[in-house]
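Inspection log for the structure reproduced underneath, given as structure tokens.
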């Protein structure tokens, strides 16, 4: 058996992440992943029953370490503002460094297949959302934790989703793409409007 044919599931998932990140579910075939993994399609089917299973496992693989890191950041429930600052800084830095994760997150939230999106949101994205909601619940009860969680995620994501187009907007500066500038802006915006309940 050749070295290529002995690739583990994890090896395959790592190689599949950039493919799905770039082209989404519809833009990637089993043959694409097999070629990238230096396997035959039959060898790939040994590990994954179909393309959908491969996609779900790939996205889950990409999210797992990020979600674990996020959970560890918001463990101290007595430090709402400090948790917020650390979480936003981490989230911005992660999306800046991990381009494939950033793109997969967008594919998950904007998937055109409703059934697939529901599964991805429930099985993959929900953990990150629940972590953000735990953070949101530490602020004033005047803020709906669900809405606040969506707003926090949206504020961070928008800076990356709009990066290509906003360079042509009046007032754009290169410094606006720096993670520390994005983080500081979002933290300041949220802190000024989010009195802690403590």
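Bear in mind that the values in this text are calculations on the coordinates, not laboratory data. Computed from a predicted model, the values in this text were never measured in an experiment. Glycine gets a Cβ as well: all are built from the backbone with ideal geometry, and neighbour counts include every protein chain shown.
Output the peptides 59-71, 85-97 sorted from most to least packed, where packing is the average of other Cβ atoms within 10 Å over each peptide's residues. Intermediate results must be reported in sequence, preceding the final value.
Details: 59-71: 17.4, 85-97: 19.2.
Output ranking for 59-71, 85-97: 85-97, 59-71.
Give the angle, between 0 and 90 degrees and rounded to the nearest 10, that separates the Cα long axis of helix 126-136 from the longest principal axis of the Cα atoms of the chain.
10 degrees
Can you give the calculated 222 nm mean residue ellipticity of the chain, where each DSSP H run of n ≥ 4 adds -39,500 (n - 2.57) and the sum is split over every residue, rounded to the nearest 500 deg cm²/dmol?
On the way: 11 runs with 137 residues, N = 198.
-21500 deg cm²/dmol, from helical runs alone.
Helix 80-97 sits at what angle to the longest principal axis of the chain, using alpha carbons and giving 0 to 90 degrees rounded to 10?
So the helix axis and the longest Cα principal axis differ by about 40 degrees.
Quote the convex hull volume per residue of region 11-117, based on C-alpha atoms, as a whole number of Å³.
In region 11-117, the Cα convex hull volume per residue is 110 Å³.
Report Rg (one decimal) and Dmax (nearest whole number) for region 96-140, counting Cα atoms only, units Å.
12.5, 36
Please report the relative contact order for the chain, taking Cα pairs under 8 Å with a sequence separation of at least 6, and give it as a percent rounded to a whole number.
Working: 165 pairs, mean separation 43.2, N = 198.
Computed value for the chain: 22 percent relative contact order.
Please quote Rg/Rh for the chain to two decimal places, taking the Kirkwood radius as Rh and restricting both calculations to Cα atoms. Show your work: numbers first, answer last.
On the way: Rg = 19.0 Å, Rh = 18.4 Å.
Looking at the chain, the ratio lands at 1.03.
Rounded to the nearest 10 degrees, what's the angle between the helix 179-193 long axis and the longest principal axis of the chain, both from Cα atoms, 0 to 90?
Tilt of helix 179-193: around 50 degrees.
Among 160, 20, what is the fewest-to-most ranking by other Cβ atoms within 10 Å? Don't skip to the end; give the middle numbers.
On the way: 160 18, 20 23.
Fewest-to-most Cβ neighbours within 10 Å comes out as 160, 20.
Can you tell me how much longer the chain between residue 68 and residue 49 gets when fully stretched, taken as 0.36 nm per residue apart minus their C-alpha distance, in nm with one decimal? Could you put the intermediate results ahead of the total?
Numbers: separation 19, 0.36 × 19 = 6.84 nm, distance 2.72 nm.
Stretched fully, the residue 68-residue 49 segment lengthens by 4.1 nm.
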